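Chemist: Got a structure for you, written out below as structure tokens; questions coming shortly.
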Amino acid sequence: MAQVGRMVADRRRVEQYPVARGSLVIHTRRRPATPCRVRVEWRRHEARSTAACGRLAPHGSAALIPNLVLANALFNDSSDALALLVQPIPMWAAVIGLVAFPVTMAVAELPTYYGLILPRLQETWSNRWIALCVVVAWHAAQHVTLPLIFDVRFIAWRFFMFLPLAFLVAVAVQRRGSVLPYLMVVHGLLDTGAAYLVLMSAN
């Protein structure tokens, strides 16, 4: 089931993303001279999940291959890039990050970019693909600051390694909004792995 959206007279928007046993519903309400209000709810119902899981298969290659190819091309050895990415931090910060980082990023990142920003830009701009490419580029650019290292090779690696994956995610959500919750789960698992590497290198 694809994303469902509608505008009503008082400028409210309702977006629905089906999940395995329900729907993630985002209500957005706008009124003149008042802040935009967003409410999220979950509605229970029966839905198919196997098809959505099958659509996630290409994303693994899009995440791994650019990472290794670019790391070897820019640093001659992918371990040098990993050494810059994972640097020692205090143990207490690493423990907090192991819990907080995967949860907050999984819940906030993909829904913000592809559940809220992308549909609104595509409504506003005449070319939907330009809107998609802008959101994808901005999403990839976010990873340049995690961590922020003023090294041209590292910045290029972090940006371009995420670009193919971000594009696939955007296209997948645009074509079938029901994959968004599954992508959020996968995102959380990937971030858990990254946080674990940081924990292992903590002081």
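Chemist: From the list Arg120, Arg153, which residue is of a type outside the set (A, V, I, L, M, F, W, C), surrounded by fewer than 18 Cβ atoms within 10 Å (Cβ to Cβ) and under 22 Å from Pro66 (Cβ atoms)? Spell out the reasoning first.
Modeler: Details: Arg120 fails: under 22 Å from Pro66 (Cβ atoms).
The unique qualifying residue is Arg153.
Chemist: Given Gly97, Gly115, which one is under 20 Å from Ala202 (Cα atoms) and under 20 Å from the mean Cα position of the chain (by Cα)? I'd like the intermediate steps shown before the answer.
Modeler: On the way: Gly115 fails: under 20 Å from Ala202 (Cα atoms).
Within the list Gly97, Gly115, the selection yields Gly97.
Chemist: Let me ask something additional. Please tell me if Val198 is in a helix (DSSP H, G or I), at pLDDT below 90 and β-branched (Val, Ile, Thr). Before you say what the answer is, go through the steps one by one.
Modeler: Details: in a helix (DSSP H, G or I): yes; at pLDDT below 90: no; β-branched (Val, Ile, Thr): yes.
Judged against the criteria, Val198 is not a match.
Chemist: Confirm whether Val171 is surrounded by fewer than 19 Cβ atoms within 10 Å (Cβ to Cβ), within 14 Å of the chain's Cα centre (by Cα), of a type outside the set (Gly, Ala, Ser) and within 21 Å of Val107 (Cα to Cα). I'd like the intermediate steps shown before the answer.
Modeler: Numbers: surrounded by fewer than 19 Cβ atoms within 10 Å (Cβ to Cβ): yes; within 14 Å of the chain's Cα centre (by Cα): yes; of a type outside the set (Gly, Ala, Ser): yes; within 21 Å of Val107 (Cα to Cα): yes.
Criteria met by Val171.
Chemist: Does the stretch 172-186 contain any residue that is in a helix (DSSP H, G or I) and without any contact (Cβ under 8 Å) to a residue 24 or more places away in the chain?
Modeler: So in the stretch 172-186, the residues in a helix (DSSP H, G or I) come out as 172-175, 177-186.
Right, trim to without any contact (Cβ under 8 Å) to a residue 24 or more places away in the chain and you get none.
No, the stretch 172-186 has no match at all.
The values are calculated or read from the model by the stated rules, or taken from the named source; none is laboratory data. On a predicted model such as this, the values are computed, not experimentally measured, just so you know. Cβ sites come from the backbone with ideal geometry, for glycine too, and all protein chains shown count toward neighbours.
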